[in-house]
1. Any idea of LYS278's accessible area? Nearest 10 Å², probe 1.4 Å.
2. Quick check for the chain: number of Lys pairs with alpha-carbon distance under 26 Å, counting only pairs 8 or more apart or on different chains?
3. So which trypsin sites (Lys or Arg not before Pro) in the range 27-132 end up in coil per DSSP with only 10 or fewer other C-beta atoms within 10 Å?
4. In whole percent, what relative contact order does the chain give with Cα contacts below 8 Å and a gap of six or more residues?
5. Rounded to the nearest 10 Å², what accessible area does GLU209 show when all protein chains are kept and the probe is 1.4 Å?
6. How would ILE335, ILE92 rank on accessible area, largest to smallest, probe 1.4 Å?
7. Which sequence of MET1, MET124 reflects their accessible areas, 1.4 Å probe, from the largest down?
8. In what sequence, largest accessible area first, do SER326, SER122, SER164 appear using a 1.4 Å probe?
Amino acid sequence: MTEFAFRALPWNILFGIGAVERLPGEMDALGLDRALVLCTPGSQARGRLIAEQLGDRAAGLFANARMHVPATILDEASRRARDLRAKSTVSIGGGSTTGLGKALAARDGLDNVAIPTTYSGSEMTAIWGVTESGRKVTSRNPGVVPKLTIYDPELTLSLPARISASSGLNALAQAVVNVATDKPSPISSALAVEGIRTLARSLPCVVAEPSNLEARSEALYGACIAAGALGVGSTGLHHRLCHTLGGTFNTPHAETHAVLLPHTVAYNATTAAAGTRKVADALGVADAPRGIYELAKELGTPTALGQLGVDERDLDAVAEIVVRPSFPNPAPVTIDRVRALLQNAFRGSPPQRV
Ligand code: NAD
């Protein structure tokens, strides 16, 4: 057994069909009140229901959460919280809403509760970020991990198959990068392998039959532990590429993960050979990059950066931004190899060991 270090995160999770009904009692038990309910403009009806359910425990509703937490939106939410004398937040929605709750926790010290309705898994990590002038700046701070996360699979039944598929591959990426590595942390890897198995089994069922509650439950559990693996694990080239494309070139978050994952796994496959084999085993395929590529095709997610609005003429700039700071990654990060990876991903070609 090799030596390792491990630091846990303060997760407090309630998982179950109908679990959202327990929100008021759980908030009382934790001593949380005057909650500002957060949601996206498209989920206002759901946000209102949560505020009604909370009754006197709710301070109000902020229904303007946006992808990647724009600094202007954070300011607006912070002002609303102050005006309403809110002492906590309850985020109901995907990673965009959870991200706003985490940013308010970091900036204003508001205790946060998360009720995730996608597979982004943001609630399981200490990573929070804000986007300003086209740049997303992220930090890690265990204090932003929600004081309580309620996973209720029923809330995911309304998530369209297309978003479920790409969000599910976003979750898969969090697990895969913590197995297909040359320096796996054993605890993070154990969570990740279980996450890969569960997601690979459930996502095709979710997409084929979005109202299948059993498949929805499995996918949400898979997303929870995959993100847990990331929360106590690490990131590398894959996340660096996704954040560069999302932050600077405004590509959609989950779809960017879906397109890039087969290519980034292929990039590291020789250096992280044992870990990459473990990913293949968990997926039940012979070759991990090819298996992920085929899974994405089966789920119907985009397979080419060209489909996400990326301009081929920007690929040189993306490669330059990605390699500029040094960051840990199994295989050395060189501009020529990253540029070749981007070209394959742009075309949507099957992954190659560039
Ligand atoms: P999202 O939160 O923007 O949700 C996508 C869309 O789906 C939104 O329009 C939302 O209103 C809608 N939606 C959400 N749940 C729904 C449901 N059950 N039914 C119907 N519609 C629903 O997207 P996302 O992919 O969940 O999150 C992306 C954001 O999360 C990005 O900003 C990303 O950076 C962040 N993220 C952070 C971490 C982290 O560890 N910090 C991890 C993953 C993602």
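The values are calculated or read from the model by the stated rules, or taken from the named source; none is laboratory data. Just so it is clear, the structure is predicted and the values come from calculations on it, not from any experiment. Every residue, glycine among them, receives a Cβ derived from its backbone with ideal geometry; neighbour counts consider all protein chains shown. Areas reflect the complete protein model, heavy atoms only, side chains present, ligands, DNA and RNA absent. Shrake-Rupley method; radii C 1.70, N 1.55, O 1.52, S 1.80 Å.
1. 110
2. The result is 7.
3. ARG85
4. Taking the mean separation of contacting Cα pairs over the length of the chain, I get 15 percent.
5. About 90 Å², rounded to the nearest 10.
6. ILE335, ILE92
7. Descending accessible area places them as MET1, MET124.
8. Ranked from most to least accessible, the order is SER326, SER122, SER164.
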